[in-house]
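Enquirer: Can you read through this structure? Questions will come right after.
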Amino acid sequence: MANSFGLMDKTTEQMKKVESYITTGKEMTTDLTEELLKVSDDSAPQDELNILKDVMLQHLRMQQNIHQYLQAVNIAKMKISSECESDETSSVSYSSILESSLKETCQEITSEALQNTPDYKTFTAMIDDYLQPEEALVKETELDDDMILTQTVVIPKDPISQKEVSEPVKNKFCGHTYEKTTILQYIGKNKHVRCPYIGCSNAQVLKRDHLVENSEIKRLLERRHRQQEREGR
Ligand SMILES: [Zn+2]
């Protein structure tokens, strides 16, 4: 009896060892991602980040597979023990019990399930915190950042064209945002114009060099674009 569990126990030991490697791998992936974000300041290397997210998901998949296996082994052991107790003469087939237990416990793990694990959410929240520090607070209450992006973040409209900005520039003095080409045309055609936002208190004559790229909105647009690409829209 004790001997019969020997092989299962040995495999369990090995699986646990593998799991510790996976944990190390996850930590290394997190560290590497953090280093990458630290050195890349404003321009987030999206390709690399996507690869690292994928690596994290693969680690999580292996970890889940091991958990399922270990669970199956435990269930099989319990079944075998109880069968041996109830009938000492019975010749229980360990392998068939383990096999059916594996079949019951080990299920296909979907990518969505992996993306919903606390580990993965913590990982992506860390990335988002680096990219969008001002959004971190919202994220704590609702971790689904894509939802937030489409629901609560408003991309400003250009005051002249009334269209959503695609190349946003910001007035250094009043903070208002315009579409780059529209505002440059506006300045070019009219002399002594002021900020075209109605009721803006900025009385200065608008000059080309008052305008800076609105990188915050630009990043949001880029994120939304990636989100739409992911959803295949
Ligand atoms: Zn203004």
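Enquirer: Please specify each residue of the stretch 151-180 satisfying the condition of being within 11 Å of the ligand (Cβ to nearest atom) and among the charged types (D, E, K, R).
Expert: Our first condition is that a residue be within 11 Å of the ligand (Cβ to nearest atom); within the stretch 151-180, this holds for 159, 170-178.
Answer for the stretch 151-180, where residues must be within 11 Å of the ligand (Cβ to nearest atom) and among the charged types (D, E, K, R): Lys170, Lys172.
Enquirer: Residue by residue through the stretch 19-56, note down the ones that are surrounded by 11 or more Cβ atoms within 10 Å (Cβ to Cβ) and not in a helix (DSSP H, G or I).
Expert: Ser40, Ala44, Pro45 - these are the residues of the stretch 19-56 that are surrounded by 11 or more Cβ atoms within 10 Å (Cβ to Cβ) and not in a helix (DSSP H, G or I).
Enquirer: Right, something else. Restricting to the stretch 181-233, count the residues that are within 16 Å of the ligand (Cβ to nearest atom) and either outside any helix (DSSP H, G or I) or without any contact (Cβ under 8 Å) to a residue 12 or more places away in the chain (or both).
Expert: Residues flagged as within 16 Å of the ligand (Cβ to nearest atom) and either outside any helix (DSSP H, G or I) or without any contact (Cβ under 8 Å) to a residue 12 or more places away in the chain (or both) within the stretch 181-233 amount to 21.
Enquirer: Against the condition modelled with pLDDT under 90 and more than 15 Å from the chain's Cα centre (by Cα), how does Asp42 come out, does it pass?
Expert: For Asp42, the condition - modelled with pLDDT under 90 and more than 15 Å from the chain's Cα centre (by Cα) - is met.
Enquirer: Between a residue in the stretch 12-25 that is of a type in the set (D, E, K, R) and any residue that is part of a helix (DSSP H, G or I), which pairs come within a Cβ distance under 6 Å, given they are 6 or more apart or on different chains?
Expert: Glu19/Ile66
Enquirer: In this structure, does Lys103 turn out to be over 35 Å from the mean Cα position of the chain (by Cα) and either surrounded by fewer than 11 Cβ atoms within 10 Å (Cβ to Cβ) or part of a helix (DSSP H, G or I) (or both)?
Expert: Here the answer is no, as Lys103 does not meet what is asked.
The values are calculated or read from the model by the stated rules, or taken from the named source; none is laboratory data. Just so it is clear, the model here is predicted, and its values are computed rather than measured. Heads up, the Cβs are rebuilt from the backbone with ideal geometry, glycines too, and the neighbour counts pull from every protein chain shown.
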